[in-house]
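Asker: Below is a structure I'd like to ask you about.
Every number in this text was worked out from the coordinates using simple rules, so none of it is lab data. Values in this document were obtained by computation on a predicted structure and should not be read as measured data. Counting neighbours? That spans all protein chains shown, and the Cβs are built from the backbone with ideal geometry, glycine included.
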Amino acid sequence: MKKYVMMIVSLLITGSLMVSGCGKNAEQNNSNGSGGNNSSHTATTGEMHHSDSGELPQGLMKKVDPTYPVGSQVIMNADHMTGMKGATATIVGAYETTVYAVTYTPTTGGELVKNHKWVIHEEVKEHSDEPYKVGVEVVLDADHMTGMKGATATIDSAAQTTVYMVDYTPTTGGDPVKNHKWVTEDELSAE
């Protein structure tokens, strides 16, 4: 009898540990993304690559006389990442290009990322001279998120516009984000 009680207690402890471990992984998975819908790329900064280098893709052209000049302060209406919407940002660069929302499966595996905003024309591997149309498949050269570079993506939308690189501090607190790529002109407003 004592043997059976010990075996049951052992099974209960093992089961509790397994369930506890699964719950922890589920919490980590939920906190690392957009709550499961993968719309846009609302994400924690842990998934994004925020290098301080400000390195630009080859061939990207500066915007002459942009609405928001370098150094100006703006309010972000974009909601790509947690803490972005409503944040005050400083314009680091303004560029004229075609901007795309794309859907892709990360090269590192995982769920499909839908409607990622934004990848610019110059961040498409071996990009054509002409902008891509909705529905076209391309290979990404952008490295904004883990598993993005080298991924095959489908163009969800395309627009010729001014894109901005910005520095900002998330409204949710935390470290400042430097050289965030990209925010479109219609996602910004004057301070």
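Asker: Quick check: pseudo-label points 7 Å beyond the Cα along Cα→Cβ at Lys178 and Leu112, how many nm apart are they?
Answerer: Calculated label separation equals 3.7 nm.
Asker: Another one. Considering the options Thr97, Ser157, Thr169, tell which one lies farthest towards the positive end of the dipole of segment 84-191, charges being +1 on Lys and Arg and -1 on Asp and Glu at the Cβ, about the Cα centre.
Answerer: In segment 84-191, that residue is Thr169.
Asker: Also, I was wondering about something else. How many angstrom lie between the Cα centre of segment 55-91 and the Cα centre of segment 145-191?
Answerer: What the calculation gives is 8 Å, centre to centre.
Asker: Another question, if that's okay. Student exercise: in segment 64-166, how many lysine pairs 8 or more apart or on different chains have Cα atoms under 18 Å apart?
Answerer: Eligible lysine pairs with Cα atoms under 18 Å apart amount to 8.
Asker: A further question on this structure: Among rounded, prolate and oblate, which fits segment 134-191 when a ≥ b ≥ c are the square roots of the eigenvalues of its C-alpha gyration tensor, a/c under 1.5 means rounded, and a/b larger than b/c means prolate?
Answerer: oblate
Asker: Lys and Arg at +1, Asp and Glu at -1: add these up for the other residues within a Cβ distance under 14 Å of Tyr95 and post the number. The partial results should precede the final answer.
Answerer: Working: positive: Lys62, Lys63, Lys181; negative: Glu55, Asp65, Glu96, Glu122, Glu123, Glu185.
Cβ neighbours under 14 Å give a net charge of -3.
Asker: Right, something else. About the Cα centre, and with charges only on the beta carbon of Lys, Arg (+1) and Asp, Glu (-1), how big is the dipole of segment 91-191? Nearest 20 debye, please. Don't jump to the answer; show the numbers that get you there.
Answerer: Values: 7 positive and 17 negative charges, 62 e Å.
So the magnitude is around 300 debye.
Asker: At what distance in nm do the modelled label points of Met61 and Asp79 sit from each other, each positioned 7 Å from its Cα along Cα→Cβ?
Answerer: Spacing of the two 7 Å Cα→Cβ label points: 3.4 nm.
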